[in-house]
1. Quick check on B:ALA575: is it surrounded by fewer than 19 Cβ atoms within 10 Å (Cβ to Cβ), closer than 25 Å to B:CYS471 by Cα and either touching a Gly at 6+ places or on another chain (Cβ under 7 Å) or away from chain A (no Cβ under 14 Å) (or both)?
2. Going residue by residue through region B:324-334, is there one that turns out to be within 14 Å of another protein chain (Cβ to nearest Cβ) and over 25 Å from B:GLU610 (Cα atoms)?
3. Considering only residues that are crowded, with 23+ Cβ neighbours inside 10 Å, more than 9 Å from every other protein chain (Cβ to nearest Cβ) and touching a Leu at 6+ places or on another chain (Cβ under 9 Å), which ones fall in region A:183-201?
4. Quick check: anything in region B:125-148 modelled with pLDDT under 85, of a type in the set (A, V, I, L, M) and either outside the structural domain of B:ALA565 (by TED's automatic domain parsing) or surrounded by 14 or more Cβ atoms within 10 Å (Cβ to Cβ) (or both)?
5. Taking region B:615-631, which residues are over 15 Å from B:ALA325 (Cβ atoms) and within 14 Å of chain A (Cβ to nearest Cβ)?
6. State all residues of region B:477-516 that are closer than 14 Å to B:THR527 by Cβ, of a type outside the set (Asp, Glu), without any contact (Cβ under 8 Å) to a residue 12 or more places away in the chain and within 12 Å of chain A (Cβ to nearest Cβ); if no residue qualifies, say none.
7. In region B:55-82, how many residues are over 21 Å from B:PRO247 (Cβ atoms) and β-branched (Val, Ile, Thr)?
8. Within region B:253-285, work out how many residues are within 23 Å of B:GLY209 (Cβ to Cβ) and within 14 Å of chain A (Cβ to nearest Cβ).
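The values are calculated or read from the model by the stated rules, or taken from the named source; none is laboratory data. Remember, it's a predicted structure, so these values are computed and weren't measured experimentally. Cβ placement follows ideal geometry from the backbone for every residue including glycine, while neighbour counts extend to all protein chains displayed.
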Amino acid sequence: MKAVAEALCAGDKEKTVELVKKGIDEKIAHPLEILKDGLGVGMTMAGDKYEAGEYFVPEMLMCVDAMDAAMEIVMPLIEQELREKEKAGGGAPRGKVVIGVVEGDIHDIGKTIVASMLRAAGFEVIDLGRDVPIDEFIETAVREGAQVIAASTLMTPTLEGMEEIEEKLKEKGLKGKIKTIIGGGATSKEFADEIGADAWAADAVEGVDAVKRLVEEVKMAMAEIEKRMEAEKKEE
Amino acid sequence: MAGRRLEEYNIVFFPSGLRGTFEPGTSIFEAATKLGVDLATICGGQGECGKCKVIIEEGAEALGPLTPSEEAHLTEEEKRQNYRLACMISLPEGVKRLVIRVPETSRLGAQRLQTEGLEVDVKLDPAVRKYHLIMKRGTLEDDRADEIRLLDYMRDLYGFEDLEIPWEVATTLPMILREKGGTRGDFDVTVVVYDDRKVIAVEPGDTTGRCYGIAVDIGSTKLAGFLMDLNTGKVVAVSSRMNPQIPYGEDILSRMTYAKKSWEALKTVQQAVINGINDMILEMCELTGIKPEEIYEGVFVGNTAMQHLFLGIWPKFMSLAPYPAGIKRPMRAPADKLGLKIHPNGYAWFAPIIRGFVGADQVAAELVVNYLEIDEMVLELDIGTNTEITLGNRHGAYCVSCASGPAFEGMMISCGMRAANGAIERIRIDPETRELEYKVITGIWARGVRSCSKYRRTITKPIGICGSALCDVLPEFVKAGIIHMSGQFNKELLGVDPRMRKRPDGQLEYVIAWAHETAHGKDITITQNDIRELQKAKAAMFTGAYLLMKEMGITTDDIDELVIAGAFGSYIDPASARTMGMYPEVPLEKIRTIGNAAGTGARMALISREARRKMEKLSNWVKFIEAAIHPDFMKVYPEAMYIPNKNLDLFPETAAMLKELGRI
């Protein structure tokens, strides 16, 4: 596991893939374990290096590349297992995040790094890509039952789209049921507060922490609602 | 690419847009000096000279009463308008924000505004021409209407077959024809013809010697205006100033974000730039004794955002991907309707653009390089917040636009500032000993053919670092082993080199100037984040150039000439830019700077209709490629973040040098 993490952190795609394959083929580790203790730890290590100023965009992109390649092997296995578990009625569902660059902007390097780090942290990530219409963010989140919408933009004129996400969520009564996080060059903490986004992150590392928190909040809120509904039913 | 938002700062200066966060009690004069705001002073902030008058636009009520010095220096009218002396007031406790306007009279104009550009030979053929006529007045036998008589003379004497006399000229025509000759003499007039088709004015007597036009480069930061004699093609006066739109957004994106809020907002931003241009016209007219009515045409060049905001074209959609421009072809607008203070029947002509983020300024640069006619393969870059690059020759050319960001303009950089007094403009580090030298901009005189500033400020100590020195940072640091090729600080120097140290926030930084050397008594440093911003900017530029080379199927060796346009480009050290990998590694002798190509192009277009036709042709002929979604972008861009590049095969000379220094 440590070797996987180190290979990933070094951005060594071939070695990462090789180790992951070996781990699965020789049944050294469980796919979920590889994701969590290998790839997840590796991406966290890379994130720490980024925070420390040691890594920058090129290094992060190499890690992302290695991560994506490894995920291609691990994910199908995990999906399969989770489906089986769900059928059996066990296992807590993972957090789901819908991510994309808002309509009118095509700069997506930052978003790609965040998406990859979220996957490494165990989230199910639906990446809508760049120039994503506002409605698509919301429709996808509703359809997929995602807890969090993560929207990014580098450019100032497209900040409007983020505000629109908030407004539309409010309109549809989804605020709180789906939480939002924004990021990217043009955004700031103040802007996030101003439009009522639930979180803002300066970089991918902060982003992952914030999404973890948001997913928990949504789950708790939903559990609360369910409890209340059950209680109401009982009273009836 | 936005900087921090306005609200994050507690002192903001307009029109420069410079801002900062200061402790309560900080003198406004001191804040201005620290930020590099252009503010006049003779006494150096003692309240004696009364030169540092400023207008408090927000937060005036929180300031204390006028000091005796202010009472003495301010007129009653100024007091009513919230004028204060910057050196006599300080940031009060508990005030959210002070917004301070530095009026033109309190500015030195000392910001280094580049207005010069290459002089290019063009055949004189302006759109506006004057024709002198002496006509026999009518008789009972010859009772032609004034209009017909004028047209007949214009046909017989000058060969015009199909001239239009519009209503606004016709109304006064009978009066003007008879102004010189009295009741019995001949008609003696000068006819002003626009583009061989339309009479835009008829003037009494012979005024053919006085025919002027203005050429203006509308930069998002700076305006540069040239008053030109259309009879000779010579520049007779030059004026420049900050773009008055800056308060509505420092960079073009935030400015567009402001303008697209409403029709009124657009009009406000449009009026700001037109007012600025009118001020320049008045200034140049005063200097030369030329009257605004003797200026018949203005030719304007700027990027697509500036084009929209100058002409008042709805800008919303061009600010969003796929960035469709409202108009592309040259646009002619009546001067009076635009509010331009030249002859009311004159015209404003805005040059054609290529597309959303490749505007008329790039077309102008392509005109100056003369892509339509050259055989040599030329790579031309206009370096700025948005960097436009064109590559090709007369057989074909491609262009690209890269969102390089404002790092090289000193924004997003902790000690960054604009090129003004007190800015470090060069940094040199001995690669062996790491001995560091820097050069500071001191006492720049104002610019222009016939303008000069009255006061000279002598700041000799540095305040911050401007773009040309920021351009030295990456190459000098790499050569001296202060950073690795990846841009990461070399931690081994920590504790070895006193200039390298850890900041409270955990970042590493490198000291360029120690506190005792600086004007504000604080260290001037380059932080790890600063390095990262510079890397992103230069990588974007290289990526653009490299994608063009791939598109054309050429290598560095095939480039015959590398041309750097734009104000910033003429101050940087081409060797530094090349070593950091901002552009392909062509031999230094192949690199040439052409200065403010937008200004040069505007001047060419003003005096030559052939130049205008070429611009229109270029705007359609040069092919555009979108860098950000190019399939190779994700490979080229990250590699270009390394200094000079991760792919050292592209930089054999620099690689050899770094090897010799033992850096790789």
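1. So B:ALA575 fits the description; yes.
2. Yes, that holds for at least one residue.
3. A:GLY184
4. no
5. B:ILE625, B:ALA627, B:ALA628, B:ILE629, B:HIS630, B:PRO631
6. If the condition is that a residue be closer than 14 Å to B:THR527 by Cβ, of a type outside the set (Asp, Glu), without any contact (Cβ under 8 Å) to a residue 12 or more places away in the chain and within 12 Å of chain A (Cβ to nearest Cβ), then B:LYS502, B:GLY506 are the ones that fit.
7. 2
8. So in region B:253-285, the residues within 23 Å of B:GLY209 (Cβ to Cβ) come out as B:281-285.
Within this subset, residues satisfying the condition of being within 14 Å of chain A (Cβ to nearest Cβ) are none.
Selection size over region B:253-285: 0.
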